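Have a look at the structure below, then the notes.
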Amino acid sequence: MKIAVVGTGYVGLVAGACLAENGNEVVCVDKDSAKIRTLQRGRIPIYEPGLEEMVRRNRTERRLTFTTNLTRGVRGSQIIFIAVGTPTGEDGSADLRHVLGVARDIARAMNGYKVIVDKSTVPVGTSEKVRDAIRRETSQPFSVVSNPEFLKQGAAIDDFMKPDRVVIGAEDPRAAEIMRELYAPFTRTGAPIMMMDCASAELCKYAANAMLATRISFMNEVANVCEVVGADVDHVRRAVASDRRIGPSFLFPGVGYGGSCFPKDVKAMLKFASSKNYDFQILKSVEGVNEKQKVRLLAKMERHFGSLKGKRITVWGLAFKPKTDDMREAPSVPLIQGLLDAGATVTAYDPEAMRVARSIFGSTIQFADKSYDALKGADGLAIVTEWNEFREPDFGRIRKLMRTPIIFDGRNLYNPEQIRGAGFTYYSIGRR
Ligand SMILES: NC(=O)c1ccc[n+]([C@@H]2O[C@H](COP(=O)([O-])OP(=O)(O)OC[C@H]3O[C@@H](n4cnc5c(N)ncnc54)[C@H](O)[C@@H]3O)[C@@H](O)[C@H]2O)c1
């Protein structure tokens, strides 16, 4: 099939590459000409395991091309995906400016029947707005489909190639059939293609993210209760997770959720529920708990040191989670900001997010090229992202490099007994 993907960010680029991988002819469109130039040179602007090779392979086979020319992309394609950002607007709702702007541009370029697929995460009712925006600009025939994306950054290729399910909101049988055909190769292992109305499809994505955010905030609160009653959240988590009705995913306590999706989708869902006079009480708490959890490590440091003024703190891990360089809403940001505000100096290290971090912090903090280099003369080490390379470090070397061997572990990576036995003062989340 001939496909255009408008918006070549995490979702658009992964979707474009994976659709090409299964034999489709895909043109990825973006208004960011620097990004398109990078892609045309065979390089990718983000870190996502396996993506660069897949993009290169499909470019070489001429199934995947990149352009800033939306008109060309639309005219040569039957299916057009909208995969642009839906950031949080000023009032907390999803900002649909990019989605509706692209819809209008697509309409102006149309030269025959097109299936216009909204892959961006959008509030219920957006497919109607997209339909209206297009109808105002063209008399060409078209169908609007809602196809939310559930991929996880860091495992995006696998998630797209082998999804748990494909959700398609389509009111028009012709478009539904085209979408079913498009996704058939991705669901050969038995994953269901779930056909539904557009409103339900739009809500699926928010409900899934809100549920995952709820599990995280819930478990963070359980961990906080463990601290005050003297229990160990590791034991509690394992016992709870082995209940088959509950299962083990998204139950690790830590420094709160971040990233480009959970915070904004929780906010947007609260907003569109309240715009219909529904008070989504649980979700309000989920958000409030998360904000507090993001600075919990800072509170532990303040309690330990009394004052952070003049302390040298090393931060290991800046990305909002491992295997990505994405720092949008990353818990490392308010933590570092809090440390700076309290008069500490910060040296940071992350295996992939250093370029992004430099653009956020500039010269207000120091950066180290290697994890151990960041530790020289440190009064404390804060672990914020659970990269594999932090899991089994050389503790002897760490102790020698630090001025005082104190670890504030926001991801519960180490065994408290062992690490204290190795001469460290150790704080973690929800454990003694
Ligand atoms: N990142 C994720 O893990 C993830 C997962 C599932 C769903 N989503 C949703 O997918 C959507 C996209 O997210 P993302 O993380 O890929 O965003 P992103 O910010 O990484 O990429 C968006 C891209 O769209 C481009 N763009 C904006 N306006 C444009 C226009 N008028 N014409 C052409 N290009 C334009 C931008 O230049 C950018 O490259 C969002 O709604 C998000 O909530 C994201």
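Tabulated values for the structure
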read-out: Residue count for segment 240-285, restricted to those that are within 16 Å of the ligand (Cβ to nearest atom), touching a Pro at 6+ places or on another chain (Cβ under 7 Å) and among the aliphatic types (A, V, I, L, M); value: 1
read-out: Flag for Thr214 being farther than 14 Å from Val286 by Cα, of a type in the set (Ser, Thr, Tyr) and within 24 Å of the chain's Cα centre (by Cα); value: no
read-out: Qualifying residue in segment 391-410 (condition: of a type in the set (D, E, K, R) and in contact with a Pro (Cβ under 8 Å, 6 or more places away or on another chain)); value: yes
read-out: Residue identified as open to solvent by less than 20 Å² (accessible area, probe 1.4 Å), not in a strand (DSSP E or B) and not charged (D, E, K, R) among Val130, Val117; value: Val130
read-out: All positions within segment 317-326 that are over 9 Å from the mean Cα position of the chain (by Cα) and open to solvent by less than 40 Å² (accessible area, probe 1.4 Å); value: Gly317, Leu318, Ala319, Pro322, Asp325
read-out: Residue ranges of helices (runs of 4 or more DSSP H) in segment 1-65 with at least 3 members more than 9 Å from the ligand (Cβ to nearest atom) and without any contact (Cβ under 8 Å) to a residue 60 or more places away in the chain; value: 33-40, 51-60
read-out: Search result, residues across segment 101-110 that are more than 10 Å from the ligand (Cβ to nearest atom) and either open to solvent by 30 Å² or more (accessible area, probe 1.4 Å) or assigned to a loop (DSSP other than H, G, I, E, B) (or both); value: Arg108, Met110
read-out: Residue in segment 331-349 that is closer than 21 Å to Gly154 by Cα, within 18 Å of the chain's Cα centre (by Cα) and surrounded by fewer than 23 Cβ atoms within 10 Å (Cβ to Cβ) present; value: yes
read-out: Residues being open to solvent by 40 Å² or more (accessible area, probe 1.4 Å) and over 27 Å from the mean Cα position of the chain (by Cα) - total across segment 284-304; value: 3
read-out: Selection status of Ala170, touching a helix residue (DSSP H, G or I) at 6+ places or on another chain (Cβ under 7 Å) and of a type in the set (Gly, Ala, Ser); value: yes
read-out: Number of the exception - Gly73 against (1) under 22 Å from the mean Cα position of the chain (by Cα); (2) near the ligand (Cβ under 10 Å from one of its atoms); (3) open to solvent by less than 30 Å² (accessible area, probe 1.4 Å); value: (1)
read-out: Some residue of segment 216-229 being under 25 Å from Ala103 (Cα atoms), at pLDDT 95 or above and of a type outside the set (A, V, I, L, M, F, W, C); value: no
read-out: Residue in segment 76-100 that is farthest from the ligand (Cβ to nearest atom), counting only those that are assigned to a loop (DSSP other than H, G, I, E, B) and of a type in the set (A, V, I, L, M, F, W, C); value: Leu96
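Every residue, every condition in (1) open to solvent by 30 Å² or more (accessible area, probe 1.4 Å); (2) charged (D, E, K, R), yes or no:
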| site | (1), (2) |
| --- | --- |
| Arg355 | yes, yes |
| Lys370 | yes, yes |
| Ala382 | no, no |
| Tyr414 | no, no |
| Tyr427 | yes, no |
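The values are calculated or read from the model by the stated rules, or taken from the named source; none is laboratory data. In this text, all values refer to a predicted model and were calculated from it rather than measured experimentally. Every residue, glycine as well, gets a Cβ built from its backbone with ideal geometry; the counts of neighbours run over all protein chains shown. These accessible areas exclude ligands, DNA and RNA; they are computed on the full protein's heavy atoms, side chains included. Shrake-Rupley method; radii C 1.70, N 1.55, O 1.52, S 1.80 Å.
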